[in-house]
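Taking it in order: structure first as structure tokens, then the write-up.
What follows is calculated from the coordinates using simple rules that are stated; it is not laboratory data. These figures come from a predicted structure and were not determined experimentally. Neighbour counts run over all protein chains shown; Cβ positions are idealised from the backbone, glycine included.
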Amino acid sequence: MAPLPVPILILSVLLLLSFHPPAKAQKLINYFSAANSPWFPSNNSILVSPKQTFAAGFINSSSDSYFFGVWVQQSSNKTVVWSLNRPRPVGNSSCLAISPSGVLSLNDSSGSNLWKKAVGGSRLVLQETGELRFGKWTSFDSPTDTVLTNQPLPPNRTTLRSGNYQLVNATSLVFNGADTFWAATDVIRNLSSDGHLLMDNAQNYIMADMGLSVLRRLTLDVDGNLRVYSLGRHGQWDVVWQAILELCTIHGTCGVNAICEPLGSNGTTCSCPPGYEKSSNLRDCQRKIPSLVQSQFLRLDFVSFRDRPGTDDPKPTPLNLETCKSRCLDNASCVAFSYKYTGQQDCVILHNQLIDGYWSPATELATFLRVSSSETDVSNFTAMISMIETVCPVRVSLPVPPKASKTTARNVSIIATLFTLELLAGILSFWAFLRKYSKYRDMARTFGLELLPGGGPKRFSYAELKAATNDFSNVIGSGGYGVVYKGQLPDRRVIAVKRLRNVGGGEAEFWAEVTIIARMHHLNLVRMWGFCAEKEQRMLVYEYIPNGSLDKFLFPNEEVLGDDTTEESKKRLITPRPLLDWNIRYRIALGVARAIAYLHEECLEWVLHCDIKPGNILLEDDFCPKVSDFGLSKLTNKKDKVTMSRIRGTRGYLAPEWVIHREPITAKADVYSFGMVLLEIVTGVRNSGFRRSSLESEDWYFPKWAFEKVYMERKVEDILDSRIADSYDDRMHFELVERMVKTAIWCLQDRAEMRPSMGKVAKMLEGTVEITEPVRPAIFCVPEEKAPSEL
């Protein structure tokens, strides 16, 4: 019988740790005192916390056997988070009692009190934090396999225990009491309510749902992994962090000589290597043919073993492969050896039995398993390297050279004839080349082959893009750089084709800039797939972003259905757009900040966007932001750059240095534009629209108005988007919104040197750096006669 797969094993254990209350109604009590004594399992009573988030009482573990524990009442499976006597269950006749002298007792079958340290109290209560308290005794001082939010982890002893696994000293995961297989960077102190696993060295692990007000628990599971669970809407637990991502690296997952293989992200399976079979206990593996007098080796790529339980990984010895193999053959106790193909000739000899075997490409090694020479099994652990023939298998036979000729004249004539023929062929070929040189040159210029850099993006022909866009009929947007069309490639990829204006043809700079833009890969940048450069046509091919631009969600009232509206735009106008909640808005702001920081600080060539605005921020189906039109200013021809009076961008998002010509243009100009966009994300109002609606007021400047509302009047709710103001919760959203507003005000400083870099802006939004109180931004506007046209 094959062993159960690990996911089914974990599920079965979780079912054992959970329970379902009896069908008849249970009696809920707020506290247990001497007046309520005794409390028998048959009383069908449970002790609940004030809001009934947690409950405590007797839990039926098997027939007529009970243990006393605390569970999450609001979870669907009533998950147990603490227990008193799970290894020593009591029967129906045992009872919980409080004596007149203040001693809490629960006696087992031998008469011993399982609650020895709980004295000096008058009643047993359950706090809303899940803490069971009696006098000075608290369940938080003696956790079992779980700690709850804000529950301190006791150091300097076994902190948590689950089966054969322990979390020791709040630092290390240990198997069988001595075999350490994972260690934190420092002592873990507690799980905070905002989703951080705090440690002594001021570092922390961050949960996937950081910041949400949910119930979390840190549990040492039966598979040996340390995980943080978050309680979802329907009472189901979601894993939001786990200590070990490669589950097969957990010691004890499989038996002796067995190999662990991953099953997705949450499971593993154990199998025997070739030449081995299951032993009698169905967990370990044993050789099919025990004798190794005459032996051979089977190569297992990406498979790693340890020597024996309780030992560290063996130290490698620098030997070549053949010497390493000979060392193993000369040692009777050698059962395998491992070898790394890294150029360092790392050889590790494995003796007697193989422990904690697992398959992972991260091991970068191959294990050579020693089996009997009569073994017929072949290795099923092979990597791509085995598919490459590095030695030519064909035997090459050379003809026997002819005997030396005695006639020198004949040899000279043969050589002269061959030389003459080669010279004649070369002359004819050169003449043919000169004859058709002009044709080759015209073809090269037509297709841009003479300027295409090596390793560049895919080049599309004009005919290909014309067919993909249905003769450029589906317009989805336009701007200063050109018109954007929707299309579909033959491989069914949906694309957006930007037909550029004012770009010179046949310039080497165009090809170099296109190559640079195509190599900019970031999660929050629109991906460029290719380009077209045919005669005077210059087009860029991008991935298609289905949800359109951010301004359509922030300012839906600006969209008007006109005669020239495209069919796709009409569908978007008819279909109501969803409102962006605060978490989505924060995620959009953070993604855009990271993309601009990538352009400024991480690219091989510095790129200034010059036009950060909601219209250039596109949204995926899951509202992941994508910044578009980055680097297009680098593609405009030199004449166009000279005649633009330096100003590039859109009114309302321009930094002061664009207008004040004595100021140099740096990356801080994009920081200013991002600050204005960030303020619009919070308020849901376009900055230029705000100015028009309050032109008669002295508070017309949008950043100044926001600063005074937040930092002088202390009315942050006045600047929030009125459409989602009702969903604003001080406890959940205040810190997030305050961080967005503070960051925006710092970005909108009139002096460029006072603004932070985009890398620091991203960290300010993440909350990884402290944000000081910003300075009130000075009033600034773009004069009508100097404002550029919107791109």
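Rounded to the nearest whole Hz, the Karplus-based 3J(HN,Hα) values (6.51 cos²θ - 1.76 cosθ + 1.60, θ = phi - 60°) of the range 132-144 follow the sequence 8, 10, 9, x, 8, 7, 9, 5, 5, 7, 9, x, 9, with x at glycine and proline.
Note on Arg723 and Glu753: the model spin-label points, each 7 Å out from Cα along the C-beta direction, lie 4.2 nm apart. Of the residues Asp221, Asp670, Asp301, the one with the fewest other Cβ atoms within 10 Å heads the list, and the complete ranking is Asp301, Asp221, Asp670.
Which of rounded, prolate or oblate describes the range 125-215 when judged by the alpha-carbon gyration tensor and an a/c cut-off of 1.5? Write down the numbers at each step before the final one.
On the way: a/c = 1.94, a/b = 1.14, b/c = 1.70.
Oblate, because a/c is 1.5 or more while a/b does not exceed b/c.
Going from the fewest other Cβ atoms within 10 Å to the most, the residues Ile206, Ile98 appear in the order Ile206, Ile98. In loop segments of the range 52-135 as defined by DSSP, the trypsin sites (Lys or Arg not before Pro) with at most 13 further C-beta atoms inside 10 Å of their C-beta are Lys116, Lys117. In the range 135-195, what trypsin sites (Lys or Arg not before Pro) fall in a loop by DSSP, with at most 13 other Cβ atoms inside 10 Å? Passing sites in the range 135-195 are Lys136, Arg157.
So what's the net charge close to Ala118: Lys and Arg +1, Asp and Glu -1, counting the other residues with Cβ under 12 Å from its Cβ? If you can, show how the numbers build up before the last one.
Numbers: positive: Lys116, Lys117, Arg123, Arg133, Lys136; negative: Asp141.
The answer is +4.
Listed from fewest to most Cβ neighbours within 10 Å, the set His609, His196, His521 follows the order His521, His196, His609.
Beta bridges assigned by DSSP with both partners in the range 249-387 are antiparallel in approximately 95 percent of cases.
Calculated FRET efficiency, Asp238 to Val293, Cβ-Cβ distance, R0 = 51 Å: about 0.40 to the nearest 0.05.
Which trypsin sites (Lys or Arg not before Pro) from the range 227-334 combine a DSSP loop assignment with at most 13 other Cβ atoms within 10 Å?
Hits after loop and neighbour filter: Arg233, Arg283.
Coupling constants for the range 514-526 follow from the phi torsions by the Karplus curve (6.51 cos²θ - 1.76 cosθ + 1.60, θ = phi - 60°), and in residue order they are 4, 4, 5, 5, 5, 8, 8, 10, 8, 4, 10, 10, 5 Hz; glycine and proline get x.
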